[in-house]
Structure formats: structure tokens, C-alpha cells
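K.L.:
Below is a structure I'd like to ask you about.
The values are calculated or read from the model by the stated rules, or taken from the named source; none is laboratory data. Quick caveat: nothing in here was measured; it's all calculated off a predicted structure. When we count neighbours, we look across all protein chains shown, and the Cβ atoms used for this are built from the backbone with ideal geometry, even at glycine.
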2 protein chains.
Amino acid sequence: MFWYRNLIKLSTSTKSKIPITKNLLQASLSHFSTANQPPAWAQAQPSGLGPTKPHDKPRVVVLGSGWAGCRLMKGLDPKLYDIVCVSPRNHMVFTPLLASTCVGTLEFRSVAEPIARIQPSISSAPGSYFFLANSTAVDTENHEVHCETVTDGTDTLDPWKLKISYDKLVIASGAQASTFGIHGVKEHAIFLREVHHAQEIRRKLLLNLMLSDVPGLPEEEKRRLLHCVVVGGGPTGVEFSGELSDFIRRDVHERYTHVKDYIHVTLIEANEILSSFDDRLRRYAIKHLTKSGVRLVRGIVKDVKPENLVLTDGSEVPYGLLVWSTGVGPSPFVNSLGLPKSPGGRIGVDEWLRVPTVQDVFSIGDCSGFLESTGKPVLPALAQVAERQGKYLANLLNKICKDGGGHANGAKDMNLGDPFEYKHLGSMATVGRFKALVDLRQSKEAKGISLAGFVSWFIWRSAYLTRVVSWRNRFYVAINWLTTFVFGRDISRI
Amino acid sequence: MFWYRNLIKLSTSTKSKIPITKNLLQASLSHFSTANQPPAWAQAQPSGLGPTKPHDKPRVVVLGSGWAGCRLMKGLDPKLYDIVCVSPRNHMVFTPLLASTCVGTLEFRSVAEPIARIQPSISSAPGSYFFLANSTAVDTENHEVHCETVTDGTDTLDPWKLKISYDKLVIASGAQASTFGIHGVKEHAIFLREVHHAQEIRRKLLLNLMLSDVPGLPEEEKRRLLHCVVVGGGPTGVEFSGELSDFIRRDVHERYTHVKDYIHVTLIEANEILSSFDDRLRRYAIKHLTKSGVRLVRGIVKDVKPENLVLTDGSEVPYGLLVWSTGVGPSPFVNSLGLPKSPGGRIGVDEWLRVPTVQDVFSIGDCSGFLESTGKPVLPALAQVAERQGKYLANLLNKICKDGGGHANGAKDMNLGDPFEYKHLGSMATVGRFKALVDLRQSKEAKGISLAGFVSWFIWRSAYLTRVVSWRNRFYVAINWLTTFVFGRDISRI
């Protein structure tokens, strides 16, 4: 207990006459043990939360903090349920604007929304928690989730295991970027799904811009370093290409004048870009991207090496930056679950988003899909779908609790009311400066409004600005857009 | 050349009728070689910049992008000189506000100023460059600097070597955090000098806050995780402690209610905190910090272990976050230079900030100090000193060039005019919410104004706001302060 003695010599220089209250010291004294042995608790029983008692509030455990999980938590009534969220990140990412952060149009912080802002009770209600952890297994027999804490980057912590009992479980853990088993993608390409991906893209892009400025560097190496290749022509790939070409045309030409003629963007797609959009809009996008200097290439990637990728026809494409956005597939966690699956390997759910073979398990978002037996198609992996499901399920769970079925096994034969129905509201994508596509038709075949150009771009910006979750971030997104317009993009590599 | 063939199948889906111009294709064709062998240029002669010719503009090479180097570059006349900057970061850090970014009061981007914004010619004038590189040696005989490019985090690049000839060389590479040879500091403590340090502190603090929320964690482990220890009671350590206690009192109490009673801040200082300030101000700081819950401990650290540190009296202090800010000392690069040294091991300079033993080498900022022979004291490692030296030297170099001495060995017997005189303008430091110290005396003994409290805090904020380099960042700092005031600090861990 030597440590405490020191506190007595506290701060107070000999000259200063601030009295140290005894309370302060006593408070200090009770804080630490000097134990030096490895912590016993780490080897002991896993910690966590045991089953709720009948007179307690029932507990909803949500796995994941994406569009589905966050919309669900926002809608859950904390007076009815204790809410426990398990996710490796403590924020939701506003994915439609993520591409804009890579080149500095928006700040990273502006597209990240802390969960505690979405559902404040998670950090303040006595029985509600957020755990920075990965789920490893679900024990549906015992109504338990097994997790392991995240400790990335710290050398002083070993991950520890948790068991969390649930009354209702919502699996909203999302999907993972698909590589189609192509060799080298994981090692050399960067995905664009999380804020840290955007940070990595930004750092690499700025590094390559600066390295290519070194005199004596051969022309072809300069061109390689500054060749940005995007694989995948969906909205993410197209929006990123558009932002990148805009960054090049506006900011690189002004601030990296030595290398401005060497930087190029190539978008590789196996089929058609923006295949979910109207043909007229697609043609507009192709025309606009080509005009802004994006090279569109039809091809299939066969192999990815550190400095170039190989297409199936044998041609090699050197690159300095490779961004991979070819869609998503089931994550290893979802694959490992012994639950029924929908076509495509997602967790299979019924019309009420329940996993029908077990009690009290629901699944929403990119990790779930309707079972074949429902006769409904698996919905696309879109924020729109995930959000709608989260909202529906929040209402359903609130209703279940109000009807007395909140606790484990309490809703067995309950009438759940209307099943989940998805109505597509349309799609949007920007294709660069002041230009976007807006397709307000319910499906490719349906009739409806589809627009391209400045008005669409204005709709795109306004729509996303209103959809950003908090007023703080809405304010920041607007401020970011304004400063980018006035001062150009920020190029400091931090 | 298979790669080019693919471009012919370019983009254009069969349905779309956008014509592909031949020019676009030809432009594409010339861009890549399919060479797969290791690049020959990397093994060849080091690249770089050769000596300038007599009819060329002379070249000033600046090593470093801190307060000294950036203020110098800002003041250099790009019509007179080509400016080449060598630094491992492409931005200047507004260090007085860095402590505020750790807890989210300010965004990281708001305190980073791209060099290209400070001296635009560096990225646009034909002979001016910025190199993301570390200097490894200075060859004063041949007027050459040897450098190696920075390639952190990328697996596809080997660093390559550069030689840059200079007409005038300014060494402004700064100092490094001193550890006093204490074991474990580098491994377990975090310094607070760069933006990435602030990012690391923030990530660790938020991680610990979330981990300590896990039920089943023993009390003492919880207290350890949430014990933030700051070593060093200079302005940086005090400001960081103040920000942290403010973060705890305002944001943690609101958003992490489960753990709010476990988090504590301890500031360890061997002598007196804020030793350069007026006694009255120091007493005010001690009183205010203690009131805000910061424990001030007089002690000397002997050893740092992964989860606790040991003081010289043998007591152990467990910690979850350890921030080290005990001043600076010469960097290995400065130590390696065969140049005269000032007391304390800095590069020795004369009254005109020249290294007197060699031609055309100057040194400013934390890496330099007056030679004993000048009879002047080594100035403190302050932003204020560095900035004043940068400004003085920019004017001196501009004058030298106008007088015809810009080229190598051209200013041998030139009259340099007035020597550099430093006049201290005073010191400022915040000690938490709405409270700061302002000491406007030229030295500890001199008379003058010294203030503490809200008015000081207002002066502190206004002064720094006007000193932030660009209008963009000035705007952002103001906006950050406003949003922190309105919405609280952001807690997303990205």
C-alpha cells in the first residue's frame, strides 16, 4: 500500500497553501489493490448477464450496430425492455456517405453516429448495456449468447469471454464483403464498409500522391502508384469513383500540380454498372463518369498481386490503390450458426422476421433472408431494407411485451399481427460533382419517376441530410459540404 | 499488353450507346507497362534533386514541418527561392489544441494544417516540392541532404533513398519526447505530440470505458482500466488532465452512467506543476484541478509495466491509460549530426541562427539552441520561440537572396543585419471547463499582468482561435467548440 502514501505528498508545492482535504485522500485510498499476480477473475467463470427474473424487465439482446440493429434499438421502448447491444463498434456508420469521406468531402466523424445517441438508455438504464465484443455462438436451448470482448491494438488486455442470457435475441450482425475466393483480395484490396476502411483508403491515396512526387521515379512507377482501381460497379463503387474523379479534377489539379497528369481512375465490373437502375439512368452515369475521366472496364478479376491484378483474359492491371466493392455474403458467424438458412446462406426467417425453429430469436438486415417456405424473395442487402425491418421489429417486440410475452418462451402462441412487408422506395447514387441519379420506381419493371443530373444531385443531398440520424451530424455534414465547396477538400494525412 | 485489349470492351453495356472516343482509348494505352520483374530503378542510383545552376532560382531545403519550419516556409518568398520540404508528415499540428482532440472537444482535422495551404508554391511551383520522408544525414561538404521515404503501413512499397542538394539548408526537425531512459515508457505510455498520439489516447480511453462496463469484472480491474495517469505537469499534461476531468464530469457522467464512479485522473509530477507560471496562478491551477477531481501526486517514476507504474519510493500505481508528457530532448537524427552543439545537445547556432562551422546551414525550433560562445541562453522548447525564429529566418533568407547570396556559398562574408532577439510574450494554459491561466510577464521575475479564471479562459480561446493558421481550420475550431457546447463531446470510437 505504498502507493497511497504518495498521495499525501500530493501536488501542493511547498509554496502553495491549498489544503488537501482528508476526504479526497480517503477516496483515493480505497481505489487500488497492489496485486501483481495475473488476475484470477480472467481464468474464472465467464462473466456476463444471467437470466432475468419474472418480475424484472425482460431483456432484448441485439447483435450488431448497423442500420437494422440501430433502427431497432431506436424503436424499442426502454420502459418495456432492458436493451443489451453486442457489437465490435460503438457507433453506426451512415454508409451512403462513406465514399465521400475517403477523399475528404466529409469528415469521418460526420458519418459515425454513437449508439448512445441513438438509444440513450443503453448507457444509462441500470439493466441496459453496450458491449464492445464479437458474438461467437448462440445457445438457443439455454437462451444465451456467447461473446468475446474486442481489445484491438492494446497490449495489456486479453480478450475475455461473456455469456449473456436473453429473453429476445435479434441477430443483426450484417454480412461481410465477398471476395469470391479470389486470391490476394483480402491482403491487397481495401473494402469500403467501415470508417477504418475509408481512413485506410485516404491514407494510401495521399501517400501515393506524395511518393509519386519524388524526382527520379520512373514514369511507369508513377503511373502505377497513381492508378486507382475500383472493382465492382454497384452504387458504392460508382459513388467512390465519382468522388475520386471529382477530387482529382478539383483538388489534385490544384494542389498536386506536379503529378496531376498521372492520376487515373479505373472501374472494373463483370456485368453492368448500377444494374438495379433504369437503363436511361445507367447510360447517363456511364456518360458522366467517362466524361470525368473514369475508365470503365468490363472484366473479371482472377488474381490480385501486391502491385497489379490479373483479369480472366490474362491481362494485367497495375494499381497503386485497389478498392473492392463487389457486394456481400454471409459472415463466418452466420455460417457457424445451426439455424435454418434462406437461399444464399443467410439466416432464414418467417414473415414476422422470426427464426421459426427456435423460440425468441429474430434476425434482420443483411444477415437474414426469408425462408423458401414463405414464398417470398430474399431482399437485397440495402440500408433501406435493414432500416425498415428494424422499425417493424421494434414495434413487434414492443407489442409482444405489452401483451405479456416479453420474457423467454413467453410469446409461443401469440398472435403477432401483420407480417413484415417491404415496399421499395427507390434508389439514389451520385456520379460526381453536382450529378446524381434518382430512381423512384418500386422495381426495374415498374413505372415511376427517374431523374438524372443536378436536380437529382440536389435531391440526393437533401434526402441524405434529412436521413442522417442526429442533429449534430446533420449539422456537421452540412458544414462539411459547405467548407469543401468554399475551401476545397482537406489533404492533411493524419 | 493484354490489359489494353480489355479497355476496348470498355464499360458500355451492350444496351447503352455511348460512343467511346478513340482518344480516350489511346490515352489509356500509353499508361502501363506489364513489367513484372522487381523495379530496376529502386536498385539504381538514389533519386532526388541535383545542385541548382547559377541561373536557376536557389533552393532552400527545410527539414521538418512543425511551428518553426512552417512559419519559415510561409515567410519565404517563392519568387526568390525554390522551396523543398522534407518531413514525415504533410501537415503542421497546432499543438496547443492537441490535448482537446483526445476527448473529442475538437476534431483531429481541425488542428492539422496541410503544408500546401501554408505555402501553396510547395505543391505547384515547378522546382518546389514536399517529400514525405525522413532525413537520415546531412553532407555539408557537398551541400546535400540524404533522406528515405516514409511508407508506413503499406506492404507494397519499400522505402527508397533520396539525395537533395541545397543552397540553403534549414534544420527544423524538432525534438523528441524524453523518457529519461525509464524502462517501459516507450512500450506502454502514449506521448502527446502528434495527431496519431491523440487518436491512440482517444481509442484507448473509449475502449477502457466500454470494457469496464462488462458485468462480472472485478471492482479493482474496473478501477485500473478507468485510472488515467498523466506523467508530467507542464502545460500539456495540465491541459490534458483538465480536458479529461471535464470530459468525465460532463460526458462520462451522462453517457457512461454505469461506470462514472470508477473513472479517475491522476497527474504525477516530480517537481511543481506549471513551473513557468506565476505562483498565484499555479495555486489557482492546483485548486481548480483538485476541485475537478484530478489527483495531483508528487513523485518520480522508476519503471513502467503493462498495467502499473512504479515510483521511486516503491509504490505501484495501476493504470488503464498512461500519457507521458515530461518534456523533450534531442532526436537521434540531431544526435547523429557532426555539427557543434549547444548546452543540452541541441544543434548549436549563432545569433543569426546559422550553424557557424559550415556554410549555408541554419537551425531553428526545438532542435536548435544558441552556442555557449554567443553568451545567450538556450531558449525553451516552445511554439512561440519556434514561430518567431521561423519568421526571422524567412526574412533573413529573403534578404540574403535579394543581396545576391542565395546560391550555395554565396553569403560567405555578407552583412546579415540584426541578430535574432527573443521577447517572451507570456504563457497560457487551460485547467478545465471555462478556466484558464494567462501570464503576460516576460519572465518569472518580471512584473506584468497575470490572470486566472473565466476571463483568462476567454482570452485563451480567442487567442488560439486567431492563431490557427487557415480560415478553414479557424472556422472548424469555432464550430467544434460550439457543437461540443451544445451537443456534448462525440464518443464514437472510429
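K.L.:
Do we find that A:Ser241 is in a loop (DSSP other than H, G, I, E, B) and either at the interface with another protein chain (Cβ under 8 Å from one of its Cβ atoms) or on the phi < 0 side of the Ramachandran plot (or both) in this structure?
P.N.:
Values: in a loop (DSSP other than H, G, I, E, B): no; either at the interface with another protein chain (Cβ under 8 Å from one of its Cβ atoms) or on the phi < 0 side of the Ramachandran plot (or both): yes.
Spelling it out, it is not the case that A:Ser241 is in a loop (DSSP other than H, G, I, E, B) and either at the interface with another protein chain (Cβ under 8 Å from one of its Cβ atoms) or on the phi < 0 side of the Ramachandran plot (or both).
K.L.:
Those residues that are assigned to a loop (DSSP other than H, G, I, E, B), within 14 Å of chain A (Cβ to nearest Cβ) and not aliphatic (A, V, I, L, M), I need them from region B:427-477; list them, please. Before you say what the answer is, go through the steps one by one.
P.N.:
Residues of region B:427-477 that are assigned to a loop (DSSP other than H, G, I, E, B), as a first pass: B:433-434, B:440-449, B:468-470.
Next, only the ones that are within 14 Å of chain A (Cβ to nearest Cβ) stay: B:444, B:468-470.
The answer is B:Lys444, B:Ser470.
K.L.:
Looking at region A:203-220, which of its residues are among the small types (Gly, Ala, Ser) and more than 7 Å from every other protein chain (Cβ to nearest Cβ)?
P.N.:
At the first step, the residues of region A:203-220 found to be among the small types (Gly, Ala, Ser) are A:212, A:216.
Result: A:Ser212, single match.
K.L.:
Please go through region B:357-387 and give me each residue that is touching a residue at least 40 places away in the same chain (Cβ under 8 Å) and either in contact with a Cys (Cβ under 6 Å, 6 or more places away or on another chain) or of a type in the set (Gly, Ala, Ser) (or both), ordered by number.
P.N.:
Within region B:357-387, B:Ser363, B:Gly365, B:Ser368, B:Ala381, B:Ala383, B:Ala386 qualify.
K.L.:
A:Val317: over 29 Å from A:Glu220 (Cβ atoms), touching a Leu at 6+ places or on another chain (Cβ under 7 Å) and either within 14 Å of chain B (Cβ to nearest Cβ) or buried (at least 21 other Cβ atoms within 10 Å of the Cβ) (or both), yes or no?
P.N.:
Answer is no for this residue.
K.L.:
Further question: Give B:Gly390, B:Gly405 a once-over and let me know the one that is outside any strand (DSSP E or B), free of Cβ contacts under 8 Å to residues at least 12 places away in the same chain, of a type in the set (Gly, Ala, Ser) and under 22 Å from B:Ala172 (Cα atoms).
P.N.:
Numbers: B:Gly390 fails: free of Cβ contacts under 8 Å to residues at least 12 places away in the same chain.
Testing whether each residue is outside any strand (DSSP E or B), free of Cβ contacts under 8 Å to residues at least 12 places away in the same chain, of a type in the set (Gly, Ala, Ser) and under 22 Å from B:Ala172 (Cα atoms) leaves just B:Gly405.
K.L.:
Let me ask something else. Spot the failing condition for A:Arg388; the list is (1) more than 19 Å from A:Leu97 (Cβ to Cβ); (2) within 20 Å of the chain's Cα centre (by Cα); (3) within 14 Å of chain B (Cβ to nearest Cβ), and only one is missed.
P.N.:
Failed condition: (3).
K.L.:
Okay, next question. Please indicate, with yes or no, whether at least one residue in region B:221-228 is part of a helix (DSSP H, G or I) and either more than 10 Å from every other protein chain (Cβ to nearest Cβ) or out of contact with any Pro (no Cβ under 8 Å at 6 or more places or on another chain) (or both).
P.N.:
Narrowing region B:221-228 to residues part of a helix (DSSP H, G or I): B:221-225.
If we keep only those that are either more than 10 Å from every other protein chain (Cβ to nearest Cβ) or out of contact with any Pro (no Cβ under 8 Å at 6 or more places or on another chain) (or both) too, we end up with B:222, B:225.
Taking every residue of region B:221-228 in turn, at least one turns out to be part of a helix (DSSP H, G or I) and either more than 10 Å from every other protein chain (Cβ to nearest Cβ) or out of contact with any Pro (no Cβ under 8 Å at 6 or more places or on another chain) (or both).
K.L.:
Go through the residues of region A:138-157 one by one and say whether even a single one is within 14 Å of another protein chain (Cβ to nearest Cβ), within 30 Å of B:His188 (Cα to Cα), in contact (Cβ under 8 Å) with a residue 60 or more places away in the chain and under 23 Å from the mean Cα position of the chain (by Cα).
P.N.:
yes
K.L.:
Residues being within 10 Å of chain B (Cβ to nearest Cβ) and either within 21 Å of A:Ile118 (Cα to Cα) or free of Cβ contacts under 8 Å to residues at least 60 places away in the same chain (or both): count how many of those fall in region A:480-491.
P.N.:
4
K.L.:
Ok, one more. Scan region A:310-317 and give yes if some residue there is more than 22 Å from A:Leu206 (Cα to Cα) and either of a type in the set (Gly, Ala, Ser) or under 28 Å from the mean Cα position of the chain (by Cα) (or both), otherwise no. So that I can check it myself, show each step before the final result.
P.N.:
At the first step, the residues of region A:310-317 found to be more than 22 Å from A:Leu206 (Cα to Cα) are A:310-316.
Keeping just the survivors that are either of a type in the set (Gly, Ala, Ser) or under 28 Å from the mean Cα position of the chain (by Cα) (or both) gives A:314-315.
Yes: region A:310-317 contains one or more residues that are more than 22 Å from A:Leu206 (Cα to Cα) and either of a type in the set (Gly, Ala, Ser) or under 28 Å from the mean Cα position of the chain (by Cα) (or both).
K.L.:
Could you tell me which of the residues A:Lys260, A:Lys287, A:Lys305 is without any contact (Cβ under 8 Å) to a residue 24 or more places away in the chain, over 30 Å from B:Tyr129 (Cα atoms) and not acidic (Asp, Glu)? Break it down stepwise before answering.
P.N.:
Details: A:Lys260 fails: over 30 Å from B:Tyr129 (Cα atoms); A:Lys305 fails: without any contact (Cβ under 8 Å) to a residue 24 or more places away in the chain.
Exactly one of A:Lys260, A:Lys287, A:Lys305 is without any contact (Cβ under 8 Å) to a residue 24 or more places away in the chain, over 30 Å from B:Tyr129 (Cα atoms) and not acidic (Asp, Glu), namely A:Lys287.
K.L.:
From A:Asp413, A:Asp418, A:Asp366, which residue is part of a loop (DSSP other than H, G, I, E, B) and within 25 Å of A:Asp139 (Cα to Cα)? Working first, answer last.
P.N.:
Numbers: A:Asp418 fails: within 25 Å of A:Asp139 (Cα to Cα); A:Asp366 fails: part of a loop (DSSP other than H, G, I, E, B).
None of the other options fit; the residue is A:Asp413.
K.L.:
Name the single residue that is farthest from A:Val328 (Cα to Cα) among those in region A:342-372 being over 21 Å from the mean Cα position of the chain (by Cα) and among the charged types (D, E, K, R).
P.N.:
This residue is A:Asp360.
K.L.:
Anything in region B:372-393 that is among the small types (Gly, Ala, Ser) and buried (at least 21 other Cβ atoms within 10 Å of the Cβ)? List them, or say none. Explain how you work it out, then say what you get.
P.N.:
Applying the first criterion (among the small types (Gly, Ala, Ser)) to region B:372-393 yields B:373, B:375, B:381, B:383, B:386, B:390.
Correct list: B:Ala386, B:Gly390.
K.L.:
Kindly evaluate A:Val301 against the criterion of being modelled with pLDDT of 95 or more and either buried (at least 19 other Cβ atoms within 10 Å of the Cβ) or farther than 18 Å from A:Lys222 by Cα (or both).
P.N.:
Numbers: modelled with pLDDT of 95 or more: yes; either buried (at least 19 other Cβ atoms within 10 Å of the Cβ) or farther than 18 Å from A:Lys222 by Cα (or both): yes.
Yes: the conditions hold for A:Val301.
K.L.:
Looking at region A:256-293, which of its residues are of a type in the set (Lys, Arg) and surrounded by fewer than 21 Cβ atoms within 10 Å (Cβ to Cβ)?
P.N.:
Narrowing region A:256-293 to residues of a type in the set (Lys, Arg): A:260, A:280, A:282-283, A:287, A:291.
Those that are of a type in the set (Lys, Arg) and surrounded by fewer than 21 Cβ atoms within 10 Å (Cβ to Cβ): A:Lys260, A:Arg280, A:Arg283, A:Lys287, A:Lys291.
K.L.:
Could you check A:Ile164 against (1) under 30 Å from A:Trp352 (Cα atoms); (2) away from chain B (no Cβ under 11 Å); (3) hydrophobic (A, V, I, L, M, F, W, C) and say which number it fails?
P.N.:
All conditions are met except number (2).
K.L.:
Need a quick list: helices (runs of 4 or more DSSP H) entirely within region B:1-98 having at least 3 residues that are at pLDDT 95 or above and either surrounded by 18 or more Cβ atoms within 10 Å (Cβ to Cβ) or in contact with a Leu (Cβ under 8 Å, 6 or more places away or on another chain) (or both).
P.N.:
Numbers: elements: B:2-8, B:22-29, B:40-43, B:67-75.
Output list reads B:67-75.
K.L.:
Please state which one of B:Val195, B:Val229 is over 30 Å from A:Leu162 (Cβ atoms) and in contact with a strand residue (DSSP E or B) (Cβ under 6 Å, 6 or more places away or on another chain).
P.N.:
Values: B:Val229 fails: over 30 Å from A:Leu162 (Cβ atoms).
After ruling out the rest, the residue left standing is B:Val195.
K.L.:
Can you find, within region A:249-269, the residue that is farthest from the other protein chains (Cβ to nearest Cβ) among those that are hydrophobic (A, V, I, L, M, F, W, C) and within 25 Å of the chain's Cα centre (by Cα)? Can you show your working first?
P.N.:
At the first step, the residues of region A:249-269 found to be hydrophobic (A, V, I, L, M, F, W, C) are A:252, A:259, A:263, A:265, A:267-268.
The next check asks that each one be within 25 Å of the chain's Cα centre (by Cα); those that pass are A:265, A:267-268.
Details: A:Val265: 12, A:Leu267: 8, A:Ile268: 9 Å.
Within region A:249-269, the match that is farthest from the other protein chains (Cβ to nearest Cβ) is A:Val265.
K.L.:
Kindly indicate the residue of region B:320-342 that is touching a Phe, Trp or Tyr at 6+ places or on another chain (Cβ under 9 Å) and part of a strand (DSSP E or B) and also surrounded by the most Cβ atoms within 10 Å (Cβ to Cβ) among those meeting that condition.
P.N.:
Top of the filtered list is B:Val323.
K.L.:
Restricted to region A:275-296, and to residues that are part of a helix (DSSP H, G or I) and at the interface with another protein chain (Cβ under 9 Å from one of its Cβ atoms), which residue is farthest from A:Val455 (Cα to Cα)? Before the answer, list the steps.
P.N.:
Start the filter on region A:275-296 by keeping residues that are part of a helix (DSSP H, G or I), which leaves A:279-291.
Within this subset, residues satisfying the condition of being at the interface with another protein chain (Cβ under 9 Å from one of its Cβ atoms) are A:279, A:282-283, A:286-287, A:289-290.
Working: A:Asp279: 18, A:Arg282: 16, A:Arg283: 17, A:Ile286: 18, A:Lys287: 17, A:Leu289: 17, A:Thr290: 20 Å.
The selected residue is A:Thr290.
K.L.:
What's the total number of residues in region B:106-118 that are more than 9 Å from chain A (Cβ to nearest Cβ) and surrounded by fewer than 24 Cβ atoms within 10 Å (Cβ to Cβ)?
P.N.:
1
K.L.:
Pick out the one residue from A:Val310, A:Val259, A:Val328 that is under 22 Å from A:Arg489 (Cβ atoms), in contact with an Asp or Glu (Cβ under 7 Å, 6 or more places away or on another chain) and of a type in the set (A, V, I, L, M, F, W, C).
P.N.:
On the way: A:Val310 fails: under 22 Å from A:Arg489 (Cβ atoms); A:Val328 fails: under 22 Å from A:Arg489 (Cβ atoms).
After ruling out the rest, the residue left standing is A:Val259.
K.L.:
For A:Thr140, indicate whether it is at pLDDT below 90 and surrounded by fewer than 21 Cβ atoms within 10 Å (Cβ to Cβ).
P.N.:
no
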